[in-house]
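All remarks here apply to the structure that follows.
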Amino acid sequence: MTKMDATSDGPLVLVVDDFEDNRAMYVEYLQFQGFRVAEAVNGLEAIERTRELLPVVVVMDLSLPVMDGWEATRRIKADARTKHIRVIALTGHAEPAHAKKALDAGCDDFVAKPCLPENLLTKIREHIQVRRPGAGGPRDPKKQKGRK
């Protein structure tokens, strides 16, 4: 099942989770915050939707059917068309070894479940700031240089 909200003109986020209740909670909250949101239920679908829609951020569960989130992330980051897209792992695998494995696979960040929607929103906004060319803020050292 894949859906996309077209009612907003905000940044597009792809939420990948095989558990419908998790997806619904994050999708509804992100839409309320002004994001456009697409959904995918497995790793293969995540790759297809990422290539098709080019979201600014993919929120990737790691334990997925068909293809896990680790492999889906590796493939997204290996593709020249999608390697620039930020991937945030959102998973119940909360051990440090899992975080390292996610980052090694190409994830740009790691968030352990359970995660409140507002905490995920904070992470997404951080990554959108990083991605936007010329965006000011603490993650853009060129913009910080020379400021008084």
If you average the C-alpha positions of the stretch 68-114 and of the stretch 24-62 separately, how far apart do those two centres end up, in angstrom? 14 Å
Which ordering of Thr50, Thr73 is given by a fewest-first count of other beta-carbon atoms within 10 Å? Thr50, Thr73
The answer for Asp109, listing residues at least 5 apart or on another chain whose modeled amide H is closer than 5 Å to its amide H, is Val87, Ala89
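Which of Leu116, Leu14 has the fewest other C-beta atoms within 10 Å, and how do the rest follow up to the most? Please report the intermediate quantities before stating the final value.
Values: Leu116 10, Leu14 27.
Ordered from fewest to most neighbouring Cβ atoms within 10 Å, Leu116, Leu14 come out as Leu116, Leu14.
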Cut-off under 5 Å, modelled amide H: who pairs with Val59 long-range: Leu14, Val15, Val16, Ile88
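Every number in this text was worked out from the coordinates using simple rules, so none of it is lab data. Remember, it's a predicted structure, so these values are computed and weren't measured experimentally. Heads up, the Cβs are rebuilt from the backbone with ideal geometry, glycines too, and the neighbour counts pull from every protein chain shown.
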